[in-house]
Amino acid sequence: MTAIQTVLVANRGEIAVRVMRTAKSMGLKTVAVYSDADANALHVRTADMAVPCGGNTAGESYLNGDAILEAARRTGADAIHPGYGFLSENTGFAAACAEAGIIFIGPPAAAVEVMGDKALAKRAMLEAKVPCIPGYQGEDQSDDTLCREAEAMGMPVMIKAAAGGGGRGMRRVADPEQLLQSIALARSEAEGAFGNGDLILERAIEGARHVEVQVFADTYGNVIHLGERDCSLQRRHQKVVEESPCPIMTPELREAMGLAAVEAARAVNYVGAGTVEFLLDASGEFYFLEMNTRLQVEHPVTECVTGFDLVQWQIRVAQGEPLLATQDDIHLFGHAIEVRLCAEDPAAAFLPSAGPVSLFSVPLEEGVRVDSGIETGDAISPFYDSMVAKVIAWGETRETARLKLRSALQAIALAGVTHNRAFLLELLDQPTFIEGGATTDYIDQHYPEGYSPAQPSTASLAAGIVLQQILAAEQHFANALSVNEELRGWVSTGPVTRRHTYEAGHTTFTAEITSSSAEHFSVTLMEATHTVTLQTLSTDRVAFLIDGQRAVLGYHQPDAAVVMLATDQSEVSLTNTDLIPPESAEDAQGGKVQAPMHGQLISLLVEADHAVEKDQRLAVFEAMKMQHEILAPVSGVVQQVNGQVGQQMAAGDVIMLIEEAEGE
């Protein structure tokens, strides 16, 4: 057995922080590596030592194995934990660690090589008699062969990158005429994300559940499973909500799936933490999808229902210790649910969002865990995944866990980037989810055009108006050094009424604000009147009685005219237009094609003077490791092309201008 002393975490964000937390609890030193974009990131501030590893992009930094090994050498790290993504399933890197005499906290390179390639993995599972989805996993990767195999299989089919995961390089195709285009996009995305454009095909199983089994193995031949996770609520094949146990699991089905998962691990002489993923159809039949040879994003729900720290298990197994439990020791207790809070815009087809985070406030509650890689003042980078945090709740029953999770989400305040908090709350309240009936196609079926959050209520707007008045009064009082504290908010003429004009989103309105003291207000707006009483105020959170009901809200004030308020269901950005000069309205430009987010323009399909039709593909944009098609907003003629292939663009940058055809 080789005792590990110092762990370098070859990752970033919440998983790097989470691994370091366990390593530190075991008395180990921790080393962070960071890209130029992450120089001041939370995982850098958390580590005992930190070493730069390259430029902004993943290819220049977190995928730069040589730089990471050099960082380990410089800091004396004797082990590397890869987290998930990046180099976690890179056989070359695992082998390079072994050659350098550094412990790779992960499975053997041979197991990673088989299971990290969906084609090889499926062949191995078929040989081991693990149930598999019918499909094509051959070596012939020509377009003709893939199209022929897909059409023979019957539509719809799934195109998947043979390497990697996370929904990248994956397309569902129902129309044979879309096959070639979908194959090209999947291959391009796979090459960009994993450096491998090989694809496999599988028959699309509609209305199935995604159920995965956590397995663990040591170097002594012991292999066990720690129950299952249901990850059926997905968007674009990326998990959104995960829970353990599966709501419809039976002891017999758990035993069968657990046995299959253990046999899958044994078939490749697995060591360490791994997850065997299955599709579970309506009849109760299950099929092998893939094996993730690393720690999963959703591992906290397993930790919550088993009581084990899986990162600690990884470290102990990596240094030669046997498993800390046998199969008979594994018992699931209670229920845990996790959601992924992401910087994305649900109303704009979930396009990623990036930029500085002006406020991230997470009140801790009993039974709630938040794993995050950011704090207030940090930034969401356009170069990496859009996840901000994982919010996990445990309860004795599934319903208790759901209600705790709702409460925790409602209490979170996140300002500066668009995010999916309201959408997550919507999902948790859906009857289908409450009843445990969600399947993998649920979000695509019910939210095909994205999700538009509810408009702020007049009560929420009133709270924002009062908060702005209070903050202004606080500032005035702070500037008036000679004013006695007892005179704060006092007036000699009784209640004072003011009138101001506000903007909230696309709505402009006038409000009357009457204050009888520094804490008591009445606000009339949009034919509604609300009483608002201040209870407590901190730098990022305020407690009000609104019409007699207590509400605790997160807030951020970027300047005196604007206040951003996080309510239980939505975010309110309120501008007092009386405090700023009105901006001149720009003429509508229906033919302006803008970058939908921060990212890179990777292809242009039209040139100046080209005639285009509405919804025609104009370009392909890449952000946060996903590729997005840019479509023409109108029919017309391209007048000007500003973007260039390979150019990094910010959200809102003009890619091209189209002169709209008459009659549009």
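The values are calculated or read from the model by the stated rules, or taken from the named source; none is laboratory data. Not measured: the values here are computed from a predicted model. Positions of Cβ are backbone-derived with ideal geometry, glycine not excepted, and every protein chain shown enters the neighbour counts.
What is the number of the single condition among (1) hydroxyl-bearing (Ser, Thr, Tyr); (2) crowded, with 20+ Cβ neighbours inside 10 Å; (3) assigned to a helix (DSSP H, G or I) that Ser61 does not meet?
Ser61 satisfies every listed condition except (3).
Mind checking whether some residue in segment 319-334 is among the hydroxyl-bearing types (Ser, Thr, Tyr), over 22 Å from the mean Cα position of the chain (by Cα) and assigned to a loop (DSSP other than H, G, I, E, B)?
yes
With the condition kept exactly as written, say whether any residue in segment 357-369 is touching a strand residue (DSSP E or B) at 6+ places or on another chain (Cβ under 8 Å), touching a residue at least 40 places away in the same chain (Cβ under 8 Å), farther than 26 Å from Leu565 by Cβ and in a loop (DSSP other than H, G, I, E, B).
So far as segment 357-369 goes, no, none of its residues is touching a strand residue (DSSP E or B) at 6+ places or on another chain (Cβ under 8 Å), touching a residue at least 40 places away in the same chain (Cβ under 8 Å), farther than 26 Å from Leu565 by Cβ and in a loop (DSSP other than H, G, I, E, B).
Out of (1) in a helix (DSSP H, G or I); (2) among the small types (Gly, Ala, Ser); (3) at pLDDT 95 or above, what's the single condition that is false for Ala77?
Failed condition: (1).
What's the number of the only condition in (1) closer than 30 Å to Ala37 by Cβ; (2) free of Cβ contacts under 8 Å to residues at least 12 places away in the same chain; (3) out of contact with any strand residue (DSSP E or B) (no Cβ under 9 Å at 6 or more places or on another chain) that Arg316 fails to meet?
(1)
Which condition number in (1) in a helix (DSSP H, G or I); (2) closer than 20 Å to Val215 by Cβ is the one that Gly106 fails?
Only one criterion is unmet by Gly106, namely (1).
Looking only at segment 293-322, filter to residues that are under 13 Å from Gly274 (Cβ atoms) and in contact with an Asp or Glu (Cβ under 7 Å, 6 or more places away or on another chain); which one of those is surrounded by the fewest Cβ atoms within 10 Å (Cβ to Cβ)? Write out each step before concluding.
Taking segment 293-322 first, the residues under 13 Å from Gly274 (Cβ atoms) are 293-296, 299, 302, 310, 313-314, 317.
Adding the requirement that they be in contact with an Asp or Glu (Cβ under 7 Å, 6 or more places away or on another chain) leaves 293-294, 310, 317.
Working: Thr293: 28, Arg294: 29, Leu310: 20, Val317: 24.
It comes out as Leu310.
Rundown of residues vs (1) surrounded by fewer than 22 Cβ atoms within 10 Å (Cβ to Cβ); (2) closer than 29 Å to Asp230 by Cα; (3) not hydroxyl-bearing (Ser, Thr, Tyr), yes/no style:
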site	(1), (2), (3)
Gly169	no, yes, yes
Arg172	yes, yes, yes
Gln178	yes, no, yes
Ile200	no, yes, yes
Ile205	yes, yes, yes
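Identify, please: which residue in segment 458-475 is at pLDDT 90 or above and small (Gly, Ala, Ser) and is, among those, nearest to Arg235 (Cα to Cα)?
The qualifying residue nearest to Arg235 (Cα to Cα) is Ser460.
When the residues of segment 6-42 are narrowed to those that are over 22 Å from the mean Cα position of the chain (by Cα) and assigned to a loop (DSSP other than H, G, I, E, B), which ends up surrounded by the most Cβ atoms within 10 Å (Cβ to Cβ)?
Looking at residues that are over 22 Å from the mean Cα position of the chain (by Cα) and assigned to a loop (DSSP other than H, G, I, E, B), I get Leu28.
For residues in segment 573-593 being surrounded by fewer than 16 Cβ atoms within 10 Å (Cβ to Cβ) and among the polar types (S, T, N, Q), which is modelled with the lowest pLDDT?
Selected residue: Ser584.
Tally time: how many residues in segment 73-91 are of a type in the set (D, E, K, R) and surrounded by 24 or more Cβ atoms within 10 Å (Cβ to Cβ)?
Final tally of qualifying residues: 1.
So which residues in segment 212-229 are in contact (Cβ under 8 Å) with a residue 40 or more places away in the chain and either part of a strand (DSSP E or B) or in contact with a His (Cβ under 8 Å, 6 or more places away or on another chain) (or both)? Full working, then the answer.
Narrowing segment 212-229 to residues in contact (Cβ under 8 Å) with a residue 40 or more places away in the chain: 212-220, 222-227, 229.
Hits for segment 212-229 are Glu212, Val213, Gln214, Val215, Phe216, Ala217, Val223, Ile224, His225, Leu226, Gly227, Arg229.
On the basis of being at pLDDT 95 or above, assigned by TED's automatic domain parsing to the domain that holds Ala472 and either closer than 23 Å to Ser573 by Cβ or assigned to a strand (DSSP E or B) (or both), does Val532 make the cut? Don't jump to the end; show me each part of the working.
Values: at pLDDT 95 or above: yes; assigned by TED's automatic domain parsing to the domain that holds Ala472: yes; either closer than 23 Å to Ser573 by Cβ or assigned to a strand (DSSP E or B) (or both): yes.
Yes: the conditions hold for Val532.
With the requirement that a residue be assigned to a helix (DSSP H, G or I), more than 24 Å from Pro107 (Cα to Cα) and in contact with a Pro (Cβ under 9 Å, 6 or more places away or on another chain), what does segment 252-285 give you?
Arg254
So which residues in segment 361-386 are within 19 Å of Leu425 (Cβ to Cβ) and surrounded by 24 or more Cβ atoms within 10 Å (Cβ to Cβ)?
Ser386 - this is the single residue of segment 361-386 that is within 19 Å of Leu425 (Cβ to Cβ) and surrounded by 24 or more Cβ atoms within 10 Å (Cβ to Cβ).
Each row is one residue, and each column tells you yes or no for (1) over 27 Å from Val7 (Cα atoms); (2) in the same structural domain as Leu359 (by TED's automatic domain parsing); (3) not aromatic (Phe, Trp, Tyr).
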| residue | (1), (2), (3) |
| --- | --- |
| Tyr270 | no, yes, no |
| Leu279 | yes, yes, yes |
| Tyr287 | yes, yes, no |
| Glu290 | yes, yes, yes |
| Gln314 | no, yes, yes |
| Asp329 | yes, yes, yes |
| Leu341 | yes, yes, yes |
| Asp345 | yes, yes, yes |
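Could you please let me know if Ser232 is surrounded by fewer than 21 Cβ atoms within 10 Å (Cβ to Cβ) and not in a loop (DSSP other than H, G, I, E, B)? Write out each step before concluding.
Details: surrounded by fewer than 21 Cβ atoms within 10 Å (Cβ to Cβ): no; not in a loop (DSSP other than H, G, I, E, B): yes.
No.
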